[in-house]
Amino acid sequence: MDDKLSHMDPKSGAKMVDVSGKETSVREAVARGKVSVNQKVIDAIIESSNPKGDVLSTAKIAGIMSAKKTSSLIPLCHPINLSFIDTQLNINQDGKFIEIEATVRTTEKTGVEMEALTAVSVAALTIYDMCKALDKTMVIDEIRLMKKTGGSSGSYERNNAS
């Protein structure tokens, strides 16, 4: 493996990685995160009584939309065609949090890890925005890559304990 940083030019300036010589392949990434909330937020979501509307549906759509806009948000991130985006949100009543999972897939020359992580991040921010009137102590936490497949670096899967 080359020790040089791929996003640095010879003078330590930023550069976009040249992927023109790479092979296209099916690539997938799964990311997760969570938003810790109080009981009032959980109750409002379950009872569909949140003042700003349907929290989970709105956050799901926000995650999907943001994955499509990742290259506009993250400097040096390649704009790529996405074949599939799914954002799932689940309420954990015992732990008082909402878990977010995003799966993103493409057939391209570069991976979709940033798109999956962006989807989780923006879905979490959407939950915060929609519920901040009920709970200003919410915590967005544990945003991480769970799995990625495809590409020259091969597959990666996070240990479930981490």
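The values are calculated or read from the model by the stated rules, or taken from the named source; none is laboratory data. This one's a predicted model, so the numbers in the text were calculated from it and none came from an experiment. Here Cβ is always computed from backbone atoms with ideal geometry, including for glycine, and neighbour counts include all displayed protein chains.
Points to keep in mind about this one:
- If only residues of the range 97-137 that are assigned to a helix (DSSP H, G or I) and acidic (Asp, Glu) are counted, the one that is nearest to residue 73 (Cα to Cα) is 115.
- The set of residues in the range 19-66 being of a type in the set (Ser, Thr, Tyr) and either assigned to a strand (DSSP E or B) or in contact (Cβ under 8 Å) with a residue 40 or more places away in the chain (or both) consists of 20, 24, 25, 36, 58, 66.
- Residue within the range 79-95 that is farther than 20 Å from residue 46 by Cα, of a type in the set (Phe, Trp, Tyr) and either buried (at least 21 other Cβ atoms within 10 Å of the Cβ) or modelled with pLDDT of 95 or more (or both) present: yes
- Residue count for the range 138-161, restricted to those that are in a loop (DSSP other than H, G, I, E, B) and within 26 Å of residue 26 (Cα to Cα): 9.
- Pick from the range 130-162, criterion loosely packed, with under 14 Cβ neighbours inside 10 Å and in contact with a Ser or Thr (Cβ under 7 Å, 6 or more places away or on another chain), ranking: farthest from residue 41 (Cα to Cα): 155
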